[in-house]
Amino acid sequence: MDTTRRIILKATMAAGTLAVAAGANLLTPSTVLAAWPAKAFNAKKMDVAMDAMTGKGRPVASSDIKVEAPDIAENGAVVSVKVTSTLPKIESISVYVGVNAFPLCSSYVLSNQMEATISGRIKMAKTADIVAVVKSNGKLYTAKKGVKVTLGGCGG
Amino acid sequence: MARKMKIRAWDNGKSTSIKAIIFHPMETGLRKDKKTGKKIPGHYITEVNCEHNGKNILTCLWGPGVSKNPFLAFNFKGAKKGDSVKISWVDNQGGKGGSEAKIS
């Protein structure tokens with residue numbers, strides 16, 4: 001108990017220092033930050049998020065994408081997701097959950113060295129489909145997997 | 001740095017497997033502090049860059065929908081044992097961190 005408290009204290013102090021440093025512009029956020037698609041991540045509706053991410057193109061359902069996630073997630077704060085695909089020349093993989101306050105969870109930009117498999121963990125507000133959108137050879141494809149969420153994980 | 005992360009990188013025979021965990025609160029900005037009733041400001045990782053020998057292999061763009069202490073796993077080709085894999089991240093409050101691992 002006591003050690004945990006120490007760690008938390010230390011972490012808080014260090015975080016404080018960091019905030020000051022950032023304020024003083026000592027730690028300039030990396031230039032790549034500009035590439036972060038704020039519009040897509042801040043969108044509250046799935047359509048809007050998708051449009052902001054992909055332009056107006058709507059993805060086509062594909063059986064060459066596999067979304068692996070548990071059928072039932074007891075804790076919506078941590079839902080494991082694995083997206084694999086056999087489509088050629090994959091440029092990016094994005095993961096959406098329509099019922100979340102911010103439907104776009106994550107987007108991965110893959111180089112040609114990458115194998116088309118990405119695993120991660122996401123939050124889910126309630127029972128819904130996890131939607132994966134894969135950009136392959138300039139075209140968009142999608143697949144989904146329903147997950148039953150017992151306890152929502154977005155707080156609020 | 002107080003914030004830590006773990007990376008494991010190994011040769012799986014066909015390609016290189018990476019598993020990483022970044023210790024980060026990933027606060028959505030929607031949760032309320034139970035004592036004060038005020039909203040806890042959003043604090044989440046926005047971008048993660050993965051490099052192999054200095055060359056970008058994967059860029060992750062994350063939003064608040066990614067779980068606390070995010071986990072990331074992927075495979076990539078074209079590396080050999082002993083090569084270095086570097087993962088670095090930035091968050092929406094200007095925080096950043098990263099770590100490096102040798103492929104075993």
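Every number here is computed from the coordinates shown, using simple stated rules; none is lab data. Keep in mind that what you see is a predicted model, and the values were worked out from it rather than measured. Heads up, the Cβs are rebuilt from the backbone with ideal geometry, glycines too, and the neighbour counts pull from every protein chain shown.
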With x for Gly and Pro, the residue-by-residue ³J(HN,Hα) of the range A:121-129, computed from phi through the Karplus equation 6.51 cos²θ - 1.76 cosθ + 1.60 at θ = phi - 60° and given in whole Hz, is 10, 10, 9, 10, 5, 7, 3, 6, 8
Restricting to lysines and to Cα separations under 23 Å from B:Lys80, and discarding same-chain partners fewer than 8 apart, the set is A:Lys89, B:Lys6, B:Lys14, B:Lys19, B:Lys55, B:Lys102
If each part is reduced to its alpha-carbon centroid, the range B:67-104 and the range A:66-138 end up apart, in Å, by 18
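Could you work out the Kirkwood radius for chain B, taking every pair of different alpha carbons, averaging 1/r and inverting it, reported in Å?
For chain B, inverting the mean 1/r across all distinct Cα pairs yields 14.6 Å.
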Amide H neighbours of B:Ile40 at under 5 Å, excluding residues fewer than 5 places away on the same chain, with H built from the backbone geometry, are B:Arg31, B:Lys32, B:Asp33
Shielding of B:47-58 by other chains, given as the mean Cβ count within 10 Å, works out to 3
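Over the whole of A:99-110, what's the average partner chain Cβ count within 10 Å per residue? Rounded to a whole number, please.
Working: counts 0, 5, 5, 8, 2, 5, 7, 10, 5, 9, 8, 6.
Across A:99-110, the average partner-chain Cβ count within 10 Å equals 6.
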Applied in sequence order to the range A:80-94, the curve 6.51 cos²θ - 1.76 cosθ + 1.60 (Karplus, θ = phi - 60°) yields integer Hz couplings, x standing for Gly and Pro, of 6, 10, 10, 10, 10, 8, 9, 5, x, 6, 7, 9, 8, 10, 10
Sorted by chain and then number, the residues having a modelled amide H within less than 5 Å of the amide H of A:Ala77, at least 5 places away or on another chain, are A:Met124, A:Gly153
With label points set 7 Å from each Cα along the Cα-to-Cβ direction at A:Lys139 and A:Ala52, the distance between them in nm comes to 2.8
Between the modelled labels at B:Phe71 and A:Val78 (7 Å from Cα along Cα→Cβ) the distance in nm is 0.7
For A:Glu68, the residues 5 or more places away or on another chain with a placed amide H closer than 5 Å to its own amide H are A:Lys82, A:Val83, A:Thr84
Counting other chain Cβ atoms within 10 Å of each Cβ in A:120-127 and taking the mean gives 5
Note, the range B:42-55: 3J(HN,Hα) by Karplus (6.51, -1.76, 1.60, θ = phi - 60°), whole Hz, Gly/Pro = x, goes x, 8, 8, 6, 9, 9, 10, 10, 10, 10, 10, 6, x, 9
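Nearest 0.05, what FRET efficiency do A:Ser63 and B:Trp10 give at R0 = 25 Å with Cβ-Cβ as r? Write down the numbers at each step before the final one.
On the way: r = 31 Å, r/R0 = 1.25.
Plugging the Cβ-Cβ distance into 1/(1 + (r/R0)^6) gives 0.20.
What shape does the range A:33-152 take by its C-alpha gyration tensor, where a ≥ b ≥ c are the square roots of the eigenvalues and a/c under 1.5 counts as rounded, a/b above b/c as prolate, and the rest as oblate?
Details: a/c = 1.71, a/b = 1.25, b/c = 1.36.
Oblate is the answer for the range A:33-152, as a/c is 1.5 or above yet b/c matches or exceeds a/b.
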